[in-house]
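> Have a look at the structure that comes next, please.
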């Protein structure tokens, strides 16, 4: 076997092992359509909104954003206000029909989000690339932005 082929196979094996271990945030085999149906039912029962996060494991900002969601004060805010589902878009070749349901918020970059209220109405979807440079956003800035989104002022506030 050629060295390149061996390296590619080793890398693919490593990615599958890491993905199976839960270390990567996006599951390429998940069904975000089914997850959304379940999340909307849960949101209605808990008076929360559904936060749909679009991204891919190869994307450094997507992985950083996922890590930031695990840190305070953002973690508590997200848990209090949202039911979270993730949609893996691969290289813009996976779950794109699902992204289209929200106005294709991934067209300008990932990670991206859409928020759906418990009445199944789209409440908010990113129109630009607000989260595409998450590596450069502080946790407090992200928390402030999500607070505004949760409080019902999404269209007046851009994360810059």
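> Tally the residues that are surrounded by fewer than 16 Cβ atoms within 10 Å (Cβ to Cβ), within 13 Å of the chain's Cα centre (by Cα) and under 20 Å from residue 151 (Cβ atoms), restricting the search to segment 85-125.
Qualifying residue count for the region: 0.
> Quick check, is residue 122 in contact with a strand residue (DSSP E or B) (Cβ under 8 Å, 6 or more places away or on another chain), in contact (Cβ under 8 Å) with a residue 12 or more places away in the chain and farther than 15 Å from residue 55 by Cβ?
Criteria met by residue 122.
> Give segment 40-61 a look and list any residue that's touching a residue at least 60 places away in the same chain (Cβ under 8 Å), buried (at least 18 other Cβ atoms within 10 Å of the Cβ) and out of contact with any helix residue (DSSP H, G or I) (no Cβ under 8 Å at 6 or more places or on another chain), or say none.
Correct list: 40, 43.
> On to the next question. Going residue by residue through segment 126-149, is there one that turns out to be at pLDDT below 85, touching a strand residue (DSSP E or B) at 6+ places or on another chain (Cβ under 6 Å), more than 17 Å from residue 32 (Cα to Cα) and in a strand (DSSP E or B)?
Looking for residues that are at pLDDT below 85, touching a strand residue (DSSP E or B) at 6+ places or on another chain (Cβ under 6 Å), more than 17 Å from residue 32 (Cα to Cα) and in a strand (DSSP E or B), one finds none in segment 126-149, hence no.
> Answer yes if at least one residue in segment 63-73 is buried (at least 20 other Cβ atoms within 10 Å of the Cβ), outside any strand (DSSP E or B) and in contact with a strand residue (DSSP E or B) (Cβ under 6 Å, 6 or more places away or on another chain), and no otherwise.
no
> So, in segment 126-138, of the ones that are touching a residue at least 60 places away in the same chain (Cβ under 8 Å) and more than 13 Å from the chain's Cα centre (by Cα), which residue ends up surrounded by the most Cβ atoms within 10 Å (Cβ to Cβ)?
Selected residue: 137.
The values are calculated or read from the model by the stated rules, or taken from the named source; none is laboratory data. Keep in mind the model is a prediction, meaning the values are calculated, not measured. Reconstructed Cβ throughout: ideal geometry from the backbone, glycine too, with neighbour counts over all protein chains shown.
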